[in-house]
1. Can you list the GluC sites (Glu not before Pro) in region 135-213 that are in a DSSP coil and have 14 or fewer other beta carbons within 10 angstrom?
2. By DSSP, what percent of the beta bridges with both residues in the chain are antiparallel, rounded to the nearest 5?
3. Based on Cα positions only, what radius of gyration and what Dmax would you give for the chain, in angstroms?
4. Take the cross-link list 147/172; 59/172; 44/180; 92/180; 92/186 and give me the ones stretching past 23 Å between alpha-carbons.
5. Under 5 Å between amide H atoms, partner at least 5 residues away or on a different chain: which partners does residue 137 have, H built in plane at 1.01 Å?
6. Quote the relative contact order of the chain in percent (integer), defining contacts as alpha-carbon pairs under 8 Å separated by 6+ residues.
7. Would you calculate, for the chain, the mean residue ellipticity at 222 nm contributed by helices, counting each DSSP H stretch of 4 or more residues as -39,500 (n - 2.57) and dividing by all residues, to the nearest 500?
8. With every protein chain present, what is the per residue accessible area of the chain (1.4 Å probe, Å²)?
Amino acid sequence: YVQSDLGDHQKSATSLIRELNGLPGSPGYFTETFCQKSRFFQPKNGERIDAIRESIAKKGLDPELESILLTSLMEAANKVDSTVGLQMAYLKKWSSRSFKDLELQMPEVLPQASSGKGESYQLDAVDASQKLSSDIAYLDPPYNSHKYLGNYHIWESLVLWDKPEVYGVACKRVDCQTRKSPFNYKESAKKALEDIFNNLQAPHIVVSFNNEG
């Protein structure tokens, strides 16, 4: 989620997206990792992702404006990948959409509400339930042993742009092996969810959970 309002950055973001769409491809970390060592993207799109992401990194933009551009890049990349949605693995044969050309578009950014600008946090769910209050809370915990980090590791690396070491056929970040969540284990998931319920400061709670979890 992006903590940004449309009125603050629409003009600048639109201009920068137009500029970034005009960049030629330039192979780098992303192309090598996700087009050559693995097959998540066609090289033509991987090279353009490399060029666009490097350009964003060098601009030293306001964090909110940068977040809009990164969202645009993720959404564009998601439309030309060769997966079934998760990044645990890629398809044996190229998906039809992977042949399309990457194109950035202005993402949906909310207009500023009368109550003021929205806020975005990057917190552990249990910590967030202790510190934040709201009218409604939406919970979407993992329901098996697969971590969200592993399911969407490419987006993690694309946004952080830390070019981490990778492992396995899917070229996952090495920290997928060390960053653990109590929600991925039978012996700890129930307690962790109970802690969130007990801490939440919200009169309404919506939970999404697979009945096979």
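1. Working: sites: 156, 165, 187, 194, 212; in loops: 165, 212.
The qualifying sites are 165, 212.
2. Numbers: 3 of 8 bridges.
The antiparallel proportion sits near 40 percent.
3. 18.9, 52
4. On the way: 147/172 12 Å; 59/172 27 Å; 44/180 34 Å; 92/180 29 Å; 92/186 32 Å.
Those over the limit are 59/172; 44/180; 92/180; 92/186.
5. For residue 137, whose amide H was placed from the backbone, the distant partners under 5 Å are 204, 205, 206.
6. Working: 285 pairs, mean separation 49.6, N = 213.
Computed over the chain, the figure is 23 percent.
7. Working: 7 runs with 82 residues, N = 213.
Computed mean residue ellipticity for the chain: -12000 deg cm²/dmol.
8. Working: 12820 Å² over 213 residues.
Result: 60 Å² per residue.
The values are calculated or read from the model by the stated rules, or taken from the named source; none is laboratory data. Here the structure is a predicted model, which is why all the values come from computation and not from measurement. Neighbour counts run over all protein chains shown; Cβ positions are idealised from the backbone, glycine included. Areas reflect the complete protein model, heavy atoms only, side chains present, ligands, DNA and RNA absent. Shrake-Rupley method; radii C 1.70, N 1.55, O 1.52, S 1.80 Å.
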